[in-house]
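Below is one structure, written out as structure tokens; the observations come after it.
Here, each number is a calculation from the coordinates, and none is a lab measurement. Not measured: the values here are computed from a predicted model. Ideal geometry is used to build each Cβ from the backbone, glycine not excepted, and the neighbour counts take in all protein chains shown.
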């Protein structure tokens, strides 16, 4: 088999190439613009092997601008031309959609004919159905449907060109809204439901998760993860006897928009929406159903709203308001589908392959986490953050994963230059590559921060290599959860936590103070723990090391403030990171995400407060000061409710789980 793929560096395209490499033999020729060769080379290194062959060309040129000599050489040898290159953006203008979607498809057909391809595979979209009302089958195409935007029109037109002008056998694939990978969450850009995630974040940050919010019926949507689309295309493209057919790569069941938003709200820990009036296809359920069914469709509330927000006049009024949340006004009118997409033929073709659309609830948190850590651009849009961080060198320890990695991405987003420090060089290089692909700059310095001599060498190297050291973020840490009763023969637990959390942290700061002093000042951010304020049992080794770092910083702050060197201590609540993963009981605890923790680190660098605390942490500190004996009694209760380890729990785990969850929710963020 031999393949020619357009759009291989795009979102769906690169996942499809990965599927072809994994399951098919033969060469894979991929169209690439000369200016994108670097991006393709990066992907080729990730893919490995030598089966992917770049072909320089241009979507806007006849026969895709491919060298005629290449076409002559490969005529009759290409089994499949897979055309994915297009623009997938509801906000793009008419001219851009016309050139890329319509013109690009016609040029791809020219190439397929020139090389005498065995089959032309065209990625269309359910947008080709426009505003068709009712069921839209895979056999349907031109049903007189209204095409409300340039995107809808050009997806329809490009599919029409394939159906009417293709000189070789063809197959068409109509994906629904394509979201990130169901296992990794990976997504290229903000589109579709991602436009609404900043609103979910705002609700999460400003309102308690238990507060119910009244929502309105927003119709139905349809979303599928990119890995499903790529796997399905690979399978369907190689089934014999299916030429001249269209395949709906959709969720078989319509997904109410409100339920979709609630899946993301649950993943984020935000309040959920409920609709007091339940919609059905004929109108509304209950006493309002019959009257509303008599109202012409275009005058019903949802249809009237969609029609209104699709007009330029209404969009010009709404855009200044919605753009603050990152939602373009033109997207509002296309947040739901009027059609229901029948995919039974595709499901039959996929039967026995193991390829099916997963439930959104099973991967919504994965999508949310990736968006929050990689696509949320709120830090970059914050003027204060850009003023504080642009051009500044920020040394971040523990930068290979979790809080440190997300902090590095946010610093780079604001124009800062992260200096990535951790033991694992490979993971640091991956983070640097991510930053550089987004136009930023980062430096990598592998170092074992429990090795004091290695820290000295690191400080010397940083002082020599960097023009300045403006911020130091002490994020790397080691946590040990073990009662004193089980620590009698484990004194090394205390030594290990002190070595990394205290001695390593202050050794780094002491080593970099001359560089900060030479630059006129600097700021140190220490990631401490809410446990320093609340003193939960079983964390004596960990909390003592963090308390030591707090105490040291408080003392030297008074010595260094006159030289412009300041400190912030963050008494961090429980964060969902790999560090807490071994304690399985935490899987059911309320935690904050690494991205939320990274926002606190950015706040510390921008505003430079002495401390950042939580209300619960402050309450714990007051309780220990005002009524220490009562505080110890409460903590002793928790000591008996929460076991030491899985082996120690035995049957007690199930019997005390409700008590554990109750305490965890009452004292949200405490490390029990």
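Over the Cα atoms of the range 407-453, compute the convex hull volume and normalise it per residue, giving Å³.
Taking the convex hull of the Cα positions in the range 407-453, it is 64 Å³ per residue.
Would you mind putting 159-165, 489-495, 521-527 in packing order, based on average other-beta-carbon counts within 10 Å, highest first?
Per-residue mean Cβ counts within 10 Å order the peptides as 521-527, 159-165, 489-495.
Given the range 376-477, report the % of alpha carbon pairs whose separation exceeds 21 Å.
28 percent
Using only alpha carbons, build the gyration tensor for the range 509-570 and give me the equivalent ellipsoid semi-axes, biggest first, whole Å.
Taking √(5λ) for each Cα gyration eigenvalue gives 27, 10, 9 Å.
Percent of Cα-Cα pairs per 10 Å bin, from 0 to the last occupied bin, for the range 1-136, please list those.
12, 42, 33, 10, 2
Take the alpha carbon atoms of the range 243-257, find their center, do the same for the range 123-170, and report the distance between the two centers in whole angstrom.
Here the two parts' Cα centres lie 13 Å apart.
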